[in-house]
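The values are calculated or read from the model by the stated rules, or taken from the named source; none is laboratory data. No experiment lies behind these values; they were computed from the predicted model shown. Note that we place each Cβ from the backbone using ideal geometry, even for glycine, and neighbour counts take in every protein chain shown. Just the protein is used for accessible areas: all its heavy atoms, side chains included, with ligands, DNA and RNA removed. Shrake-Rupley method; radii C 1.70, N 1.55, O 1.52, S 1.80 Å.
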Amino acid sequence: MRVNRVLGAVVAGCALISFWASAMAGDALRMNQIQVVGTHNSYHVKPPAKLLEAQTEITSEAAGFGYSHAPLDVQLDRGVRSLEIDVHADPSGTRVFHVPVVDEGSTCARLVDCLEVVRGWSEKHPSHVPILILVETKEKEFPLVREPDFDAAALDQMDKEIRSVLEPGRLLTPDAVRKEAPTLSEAVTTKGWPTLKESRGKVMLVLHARGRIAETYTKDRPSLESRAMFLESQPDKPYAAVFIRNNPAEKGIQDLLQRGYIVRTRADANLFGSSRDNEQRRDVALASGAQVLSTDFPAGEAAPGTGYEVRLPEGYPARCNPVLAPGACDNAALEAP
């Protein structure tokens, strides 16, 4: 019996050594060498039934309002590692919702509220892979409603709000990635992204905006110097780091991946698409190598009637990127359960 106990201890010790060796190998991966699932309009709560019915009679667009996501921390518990929130400028605090008046349901009313939920979850799970949050600016006129523009003051306010919730050790900024490189783009394409060891437990935000808003956010800051957020990238811009490519079949994705950029794509883009069409698009997205796969149907929120959902093989919150990860990469080493 004593021999059996000794053998058992040896086996357990070998298993522990194997686990830590695997974890250390996972830590050596770069942020862009993994793949995660994210949610689209992660905050969304569908309007009350009577309001939704009335809206649908007025415009076909309202049919797309009829869904709700679980609270952000519940999504993270289920393995989601990327979120998307729509923001509206407000001097009293940046607001989070979809469309003024007709579709304002949200699990977190303001940007700081959403970030506090994420921070609370992150504090309880310090070894998580980096969480990418897409922040999409909304400026939409509605009858009797005129929202403030995202001018320089509104963008600076967002940066302050972000830093008020996410301390330097938890917020991954463009400066932290650029370091001494001449531009942010050169940093990610030559030196590479931080390793998982360097970025575990951190949150990065990407401002989803172009045109005037992007120009304002980068004024006198071509590589997003001192900014709290990365910016949806355009080719050949000094701030290029994270690209939004909604079509997973787009050929240009492969070029962006090979150059070292992070790409977010959509695994589905139609609440009412056929199960077959959604599954085909999902499979293309999974194989594309895009690091973030956005969906309306994450684990725990399968499409009614079809059961369609998007999750990584074996239910891991992150997996080795099918295009960029080295052959020895082990999914189980990326994030401890």
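Would you compute, from DSSP H runs of 4+ residues alone, the mean residue ellipticity of the chain at 222 nm, taking -39500 (n - 2.57) per run and dividing by the full residue count, rounded to the nearest 500?
On the way: 10 runs with 108 residues, N = 337.
Here the helix-only value at 222 nm equals -9500 deg cm²/dmol.
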Quick check: the angle from helix 152-165's long axis to the longest principal axis of the chain, C-alpha only, nearest 10 degrees? 40 degrees
Round to the nearest 0.05 the FRET efficiency obtained for residue 287 and residue 167 when R0 = 22 Å and r is the Cβ-Cβ distance. 0.05
Helix 2-27 versus the longest principal axis of the chain: what is the Cα-based angle in degrees, 0 to 90, to the nearest 10? 40 degrees
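Listed highest first by mean packing, meaning other Cβ atoms within 10 Å per residue, what order do 80-86, 273-279, 316-322, 92-98 come in?
Details: 80-86: 24.3, 273-279: 14.6, 316-322: 20.4, 92-98: 18.7.
Per-residue mean Cβ counts within 10 Å order the peptides as 80-86, 316-322, 92-98, 273-279.
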Expressed as an acute angle from 0 to 90° and rounded to the nearest 10, what is the orientation of the C-alpha long axis of helix 49-58 relative to the principal long axis of the chain? 60 degrees
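Can you send over the carbon and sulfur percentage of the accessible area for the chain, probe radius 1.4 Å, protein chains only?
C and S atoms contribute 55 percent here.
I need the semi-axes of the equivalent ellipsoid of the chain: take the C-alpha gyration tensor, multiply each eigenvalue by 5, square-root it, list largest first in whole angstrom.
On the way: eigenvalues 234, 130, 76 Å².
In descending order the semi-axes read 34, 25, 19 Å.
Fully extended, how many nm does the chain gain between residue 28 and residue 181 (0.36 nm per residue separation, minus their Cα-Cα distance)? Could the numbers behind the result be given before it?
Numbers: separation 153, 0.36 × 153 = 55.08 nm, distance 2.12 nm.
Between residue 28 and residue 181, full extension yields 53.0 nm more.
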What distance in nm separates the two pseudo spin-label positions at residue 92 and residue 191, each 7 Å out from Cα along the beta-carbon direction? 4.3 nm
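I'd like to check one number: the per residue accessible area of the range 150-242, probe 1.4 Å, reported in Å² as a whole number.
Values: 3910 Å² over 93 residues.
Ligands and nucleic acids excluded, the result is 42 Å² per residue.
As a test, work out the antiparallel percent of DSSP beta bridges whose residues both lie in the chain, rounded to the nearest 5.
Details: 9 of 37 bridges.
Roughly 25 percent of the beta bridges in the chain run antiparallel, per DSSP.
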Summed over the other residues with a beta carbon less than 12 angstrom from that of residue 40, with K and R at +1 and D and E at -1, the charge totals -4
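If r is the Cβ-Cβ distance from residue 215 to residue 145 and R0 is 35 Å, what FRET efficiency results, to the nearest 0.05?
Working: r = 26 Å, r/R0 = 0.73.
The pair residue 215/residue 145 has a calculated efficiency of 0.85.
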Toy charge model, Lys and Arg Cβ at +1, Asp and Glu Cβ at -1: the chain dipole around Cα centroid in debye, rounded to 20, equals 1180 debye
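Any chance you could run the full-extension gain for residue 198 through residue 153? It's 0.36 nm times the residue separation minus the Cα-Cα distance, nm to one decimal.
Values: separation 45, 0.36 × 45 = 16.20 nm, distance 3.22 nm.
Full-extension gain reported as 13.0 nm.
Using 0.36 nm per residue, how much length does the chain from residue 125 to residue 275 gain when fully extended, once their Cα-Cα distance is taken away? Don't skip to the answer; put the middle values down first.
Working: separation 150, 0.36 × 150 = 54.00 nm, distance 3.39 nm.
Computed gain between residue 125 and residue 275 is 50.6 nm.
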